[in-house]
Amino acid sequence: MFKSLNKGISTPLGILIIILVATIAGGGILAWQYWWLPKEEANDVACTMEAKVCPDGSAVGRTGPNCEFTECPAAKADETADWQTYRNEQYGFEMKYPNNWRFSFLNPGRQTDVSLEERSIDVEFFPFPESSTSYPSTPPGAALGGIITVFVSPIEHTVYCPVKQGDESCINGEDRTIIVDGIKGIERKGITTKYCPPEGTEVEEIYLCNLNKFFRLDSVRQGESIFNQMLSTFKFLEGKTATSSPKEESCFKGDIEWAPYASLDRVIDESLKKIIIERFIKQAEDYGCDKDEMCYVESISFEGYKFDLNNDGVFEYAVLPEGINKYTVVLEGFMGCILRGASGNGPIDVYGLFNGSWKLIGELYGNLVAPVKNQTKGYLNLVTHGHGSAYSGTFSEYAWDGEKYVLIKNTEYGPDNPIPQEYEGIFQQE
């Protein structure tokens, strides 16, 4: 009996059974992998870390095999629709801000150079309680717990264009690419270092380069919600001018008051006076003056000088706006509107008469202006002085290019650099 049990299976049959078992087992494994194991995405692609700001202020990134931006959230009621709009055509941008916020200029008159075209601006937006009747004596952002700032500088005065990374020395954080109004920039979130006190402050900064300028938008202690909403309304004004929309009629009904030491008579051509007033109102808005404030202004103060720059017997006028001189009523809650700081530096506008119409022919900057003997294309060059300190400053010389005055050179002076002989005494009044 035991002998019969020891009989083996024939070799061909055993091989067939082994093949059959292996086939069944292999098929089962493949089926299990196909039906039960999670499938890997085909053609997995690593997308760049970029963000696009959506209309609601949120941000979406790139994803999928084609690295396309994720769809923005479904449109909801636009909370920014009835917000106020800050618009600055000189520096080429606009942005909305909440109705219970205000804006002002940090260090009014701050400049990186003495020409108007090459100045930098720093606009600070901050919450302003409705119960307040006056601006706080301390910086508004520090007093009210949150600020959003827009800084704009000529591109040649910064190392951040083209934008490659955020300010590592100032903010300890990480960068990502962000797109604002179609322009690619860098966003940096982090904590301020000891080089940008107060150290340890949460801050978010965005760096953009456009219109031959560097733009830095930053938020301090304000949280992402308001900042992102404001950011979603930020627009560049490339190709847009003041005439692209109907001109808003100003409520100013006052008059010009000339400084007693100006060489201009009180009465000049009425059409020129109208242009000067319109120009001042636009400059005042750019400097942060309240529009409603102009309704209560009785007179605007100017310095003014007249020169015959092309020896044709017709005077050109150099006008230096100072600010609002007096109001028709006592106002509360307004900062006052001054276009020149303690140094006297500020805009200097030059007007000339062409074919019977007055035209702005020069946007200069400084605290003094005078012609010099040098001529360009039949017009005397103009020189302005920019006050630096009690012992230093800058002379800027402008030349006629056939249509307007343009800056041709800056000359700094100080304890180690005496005033150039060619400029000595040119501002002395006869």
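The values are calculated or read from the model by the stated rules, or taken from the named source; none is laboratory data. Fair warning: this is a prediction, and the values are worked out from it, not measured in the lab. With ideal geometry, Cβ positions are generated from the backbone for all residues, glycine too; neighbour counts draw on all protein chains shown.
Name the residue that is modelled with the lowest pLDDT, counting only residues in region 169-217 that are among the aromatic types (Phe, Trp, Tyr) and within 15 Å of residue 152 (Cα to Cα). So, considering only residues that are among the aromatic types (Phe, Trp, Tyr) and within 15 Å of residue 152 (Cα to Cα), the one modelled with the lowest pLDDT is 214.
Do you know which residues across region 373-392 are farther than 19 Å from residue 319 by Cβ and either modelled with pLDDT of 90 or more or among the charged types (D, E, K, R) (or both)?
Listed by number, the residues that qualify are 373, 374, 375, 376, 377, 378.
Entry remark, region 157-204: residues being in a strand (DSSP E or B), surrounded by fewer than 17 Cβ atoms within 10 Å (Cβ to Cβ), under 20 Å from the mean Cα position of the chain (by Cα) and among the aliphatic types (A, V, I, L, M) number 2 in total.
Within region 66-83, the set of residues being under 19 Å from residue 180 (Cβ atoms), at pLDDT 80 or above and assigned to a loop (DSSP other than H, G, I, E, B) comprises 70, 71, 72, 78, 79, 80, 83.
If you go through region 373-415 and keep only what is among the basic types (Lys, Arg) and more than 18 Å from residue 352 (Cβ to Cβ), you end up with 373, 409. Can you tell me which residue within region 33-65, out of those that are at pLDDT below 70 and not in a loop (DSSP other than H, G, I, E, B), is surrounded by the fewest Cβ atoms within 10 Å (Cβ to Cβ)? Top of the filtered list is 35. Here residue 412 clears all of (1) among the acidic types (Asp, Glu); (2) in a loop (DSSP other than H, G, I, E, B); (3) over 25 Å from residue 275 (Cα atoms) except the condition numbered (2).
Of all residues in region 378-397, those that are touching a residue at least 60 places away in the same chain (Cβ under 8 Å) and in a strand (DSSP E or B) total 7.
A quick yes/no check of all residues on (1) farther than 28 Å from residue 251 by Cα; (2) modelled with pLDDT of 85 or more; (3) among the polar types (S, T, N, Q):
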site: 301; (1), (2), (3): no, no, yes
site: 305; (1), (2), (3): no, yes, no
site: 323; (1), (2), (3): no, no, no
site: 331; (1), (2), (3): no, no, no
site: 351; (1), (2), (3): no, yes, no
site: 367; (1), (2), (3): yes, yes, yes
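Pairing residues of region 170-184 that are small (Gly, Ala, Ser) with residues that are assigned to a loop (DSSP other than H, G, I, E, B) and buried (at least 16 other Cβ atoms within 10 Å of the Cβ), at Cβ distances under 9 Å and at least 6 apart in sequence or on separate chains, gives 173/166. Looking only at residues in region 344-378 that are surrounded by 21 or more Cβ atoms within 10 Å (Cβ to Cβ) and among the hydroxyl-bearing types (Ser, Thr, Tyr), the one that is nearest to the chain's Cα centre (by Cα) is 365. Scanning region 185-223 for residues that are of a type in the set (Asp, Glu), without any contact (Cβ under 8 Å) to a residue 24 or more places away in the chain and under 19 Å from residue 125 (Cα atoms) returns 202, 204.
Residue pairs whose Cβ atoms lie under 6 Å apart, sitting 6 or more positions apart in sequence or on different chains, and linking a residue in region 112-127 that is modelled with pLDDT of 50 or more to a partner that is among the polar types (S, T, N, Q) and not in a strand (DSSP E or B), are 119/111; 120/112.
Checked against the criteria, residue 399 counts as surrounded by 14 or more Cβ atoms within 10 Å (Cβ to Cβ), over 30 Å from residue 128 (Cβ atoms) and either modelled with pLDDT under 85 or not aromatic (Phe, Trp, Tyr) (or both). Of all the criteria given as (1) at pLDDT below 85; (2) more than 23 Å from the chain's Cα centre (by Cα), the one not satisfied by residue 341 is (2). Please go through region 379-390 and give me each residue that is among the hydrophobic types (A, V, I, L, M, F, W, C) and either in contact with a His (Cβ under 9 Å, 6 or more places away or on another chain) or surrounded by 20 or more Cβ atoms within 10 Å (Cβ to Cβ) (or both), ordered by number. Correct list: 380, 382, 383.
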